[in-house]
Amino acid sequence: MNKYRHYYSFNRILLLAIDITLIAFAFKISNLFRYGDLELTRQYSIFFVLFALVWWIVSGFSNFVFRIDAWLPIGKKYANLVNAFILHAIILAACIVVFNLEELSRLLLLYTYLLTASLIGANRFVLQLVSKYFTKSDMAYSRFVILGTGPAAVSLYQTFSNDNPGTKFMGFFDDAPDKKNPYPNMVKGGNADVKEFCLQNGIDEIYYAQPLNNKEEIDELSEFADNNFMYFRMVPDFSAIVQRDVNMYFYQNIPMISIRREPLELVANRVMKRAFDIAFSLFVILFIFPILLPIIAIAIKLDSKGPIFFKQLRPGKKNRLFVCYKFRTMKVNNQTELQATQHDPRVTRVGRFLRKSNLDEIPQFFNVLLGDMSVVGPRPNLVSQLDHYSKVINKYHMRHFVTPGITGYAQVSGFRGETKELKLMEKRVEYDVKYMENWSFMMDMKIIFLTVWNMIKGEKNAY
């Protein structure tokens, strides 16, 4: 609700101040546990400032980390906090390297993170309880009415009733109420009655969910709302056109509707993702690849005859083919378009380890740097798989609207390895489409974290 936007800004400042105080307290207690003293040395005082500054930066990325209203479920709030701490840890680790703070006590850092997470998590839980208590007060409600009784009006009412405890529905208004409306007792009158009702009941918001063909009535209600400090919003009904969620945006002054969410169609999101890809791939190529290359290269050469690297054409964004690089994990053979299976005789002993640990994918960071791939995205399938599955799986082509990735949402969700059955590939496509429609920078961070975790613990479907 726009009318509460200034409250959110105040809440962000308030919560940020509380968080910094809790971080300072966590530093003091951690220093007491580690060194037996509450006073921080100059080095750790500087580190505290850095720690708190990074948390402030993270708050700019995480829109829903600093909210104390009760509209977000507690589970969602904690998920946002976990994502924020993951991003914080990544940025802080980079700062430690840049500012040459490697001599910091790792134990102190562990104590600080555990205590900070516990304190901030407990703080959010308490504030959640407090906010729920206050939303029970009638003063906390935003009162609204809906003009219309059709499917769009009913859906709007049900959505607010289920998801927004801070709102209070006051009634429908319609000159010709829809007979299929399941709430006939909530119809308070016709369109002509809405103004008087709003004035008598202190209505905050008016939602117009009727056909948008009565310009005179819409202009009149809009002017009435403006003059009486109410919000007037129109809710177009697209149920006759599409049977799923749609997204509306403006190109200059022209309204456009998209049948699916496309976060990566926004230039700012693409720039952010590409900037991260370049920075991350450069870090791997400059600092990790030179260490692993000689070890892996010698192991591959000793294990079997053939080249160190394996390259293969793969379909990328919009089905454009590119050369995908990997460490060779199989004996040299002519069955390169045949998917690897469990106990595949073509896979070498070293190759089995490389596949299990995902280390065979390291050369693909060069593909990321060249722009053919991203760190996170739908995995690029074989050309033969593209030809086959695009004919039998609905939405298969949709996964090629974005740049393929070294790791992806489907892979960290358990759908990797051999696809013996069609439904396994269908699940991969389902998760790839979910990734496209729900992309966020924090989602990429979560997938990278889960990928590293899976590399450590090993994956049963990697062969």
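The values are calculated or read from the model by the stated rules, or taken from the named source; none is laboratory data. Worth saying up front: this structure is predicted, and the values here are computed from it rather than measured. Quick note on the areas: whole protein, heavy atoms, side chains included, nothing else; ligands and nucleic acids left out. Shrake-Rupley method; radii C 1.70, N 1.55, O 1.52, S 1.80 Å.
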TODO: Give the ranking of 427, 446 by solvent-accessible surface, highest area first, calculated with a 1.4 Å probe.
DONE: 446, 427
Open item on the list: Under 5 Å between amide hydrogens, which residues at least 5 positions from residue 379 or on another chain qualify, with H placed 1.01 Å from N in the peptide plane?
Closed with: 405
TODO: Mind scanning 188/215; 28/457; 305/427 and naming the pairs with a C-alpha gap bigger than 25 Å?
DONE: 28/457; 305/427
Task: Per residue value of the accessible surface for the stretch 343-420 (all protein chains in place, 1.4 Å probe), Å² - done: 40 Å²
Task: Ellipsoid equivalent to the stretch 260-389 - semi-axes via the Cα gyration tensor, in Å - done: 28, 20, 11
TODO: Order the following by accessible area, largest value first: 262, 205. Probe radius 1.4 Å; ligands, DNA and RNA are ignored.
DONE: 262, 205
Task: residue 397 accessible area, 1.4 Å probe, all protein chains in place, Å² to nearest 10 - done: 90 Å²
- [ ] Roll a 1.4 Å probe over the protein heavy atoms and report the accessible area of residue 196 in Å², nearest 10.
- [x] 120 Å²
TODO: Give the carbon-plus-sulfur fraction of the accessible surface of the stretch 387-456 in %, rounded to a whole number; probe 1.4 Å, heavy atoms of protein chains only.
DONE: 57 percent
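Counting only protein chains, not ligands or nucleic acids, how are 180, 457 ordered by accessible area (probe 1.4 Å), most first?
Correct descending sequence by accessible area is 180, 457.
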- [ ] Mind listing the long-range amide H neighbours of residue 189? Cut-off is under 5 Å, sequence gap 5 or more, other chains count too, H placed in the peptide plane at 1.01 Å from N.
- [x] 174
Task: Other-chain or far-sequence residues with amide H under 5 Å of residue 171's (modelled H) - done: 146
